[in-house]
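So the structure is just underneath, and the comments pick up after that.
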Amino acid sequence: MYKEEFYLGKDRVLILKIPDLESWLDPLQSEFCSHRRKCKNSHKINGRWENSYLDIDLVPSARIPMRFARKVGLEILNTRSVLLFEPLPGSGCEMPPFWFNVAKPDELTGLHDHAHLSVLSAVVYLQAESNAGNLYFQKSEDIEVVPEPGEIVIFPPHLKHGVSINKSTKERISLAFNLFPFPLPNQDL
């Protein structure tokens, strides 16, 4: 199941191949491309929309890698989590906790972390050529992950990460998401 795993201090990062690629990868790419014009975008950074959101009913194949990540979280990381396809209740956020990132040639994703209430974060590559830009984690030393379609990287949401410049000739397309604790905390957010 593992392709690779590493630790940044006590933080564990897993890189895995999601099984049955033919059942979800091409369908998810097709769903995304068919509905791409319907995306709601959150914010621009360096002239590029950073996150693009679609309703889960438009990209139902996205459920497969999300469920896989939840299963890995439970079975390997001993983390019980829940998938949300709507905005987190009470968070004040209008967008669901999953999104697509599209980086054209010469675009990058800056250093950031994820939702403070989530327990796991993940990124799945849908399209990435050679030199499409590596995912990197910054701690005491940078760790880089070469993107490969069909792979998922699962990591703690507080880890600072970014993606280097896409030096390929095609767009790099990924799906990123957060998993939340189960049961959801009953608190004022």
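The values are calculated or read from the model by the stated rules, or taken from the named source; none is laboratory data. All of these numbers come straight from a predicted model, not from anything done at the bench. For neighbour counting, all protein chains shown are included, and Cβ atoms are generated from backbone atoms with ideal geometry for every residue, glycine included.
Observations
- Matching option when the condition is in contact with a His (Cβ under 6 Å, 6 or more places away or on another chain), on the phi < 0 side of the Ramachandran plot and not aliphatic (A, V, I, L, M), among SER91, SER130, SER121: SER121
- Matching strands (runs of 3 or more DSSP E) fully within region 83-140 where at least 1 residues are in contact with a helix residue (DSSP H, G or I) (Cβ under 7 Å, 6 or more places away or on another chain) and surrounded by 14 or more Cβ atoms within 10 Å (Cβ to Cβ): 98-103, 120-127
- Count of region 139-171 residues which are within 14 Å of VAL13 (Cα to Cα), touching a strand residue (DSSP E or B) at 6+ places or on another chain (Cβ under 6 Å) and in contact (Cβ under 8 Å) with a residue 24 or more places away in the chain: 13
- Checking each residue of region 98-113 against the condition of being closer than 24 Å to PRO147 by Cβ and without any contact (Cβ under 8 Å) to a residue 24 or more places away in the chain gives no match.
- Cβ separations smaller than 7 Å between residues 6+ apart or across chains give the following pairs from region 178-189 residues that are under 18 Å from SER121 (Cβ atoms) and surrounded by 10 or more Cβ atoms within 10 Å (Cβ to Cβ) to residues that are hydroxyl-bearing (Ser, Thr, Tyr) and at pLDDT 85 or above: ASN178/SER118; ASN178/SER121; LEU179/SER81; LEU179/SER118; PHE180/SER81; PHE180/SER118; PRO181/SER81; PHE182/SER81.
- Qualifying residues in region 1-33 (those that are outside any helix (DSSP H, G or I) and under 14 Å from VAL124 (Cβ atoms)) - the one modelled with the lowest pLDDT: LYS3
- Any hit, region 115-127, residues being farther than 22 Å from PRO157 by Cβ and at pLDDT 95 or above: yes
- Residue list for region 153-173, filter: outside any loop (DSSP other than H, G, I, E, B) and crowded, with 21+ Cβ neighbours inside 10 Å: VAL153, ILE154, PHE155, HIS161, VAL163, ARG172, ILE173
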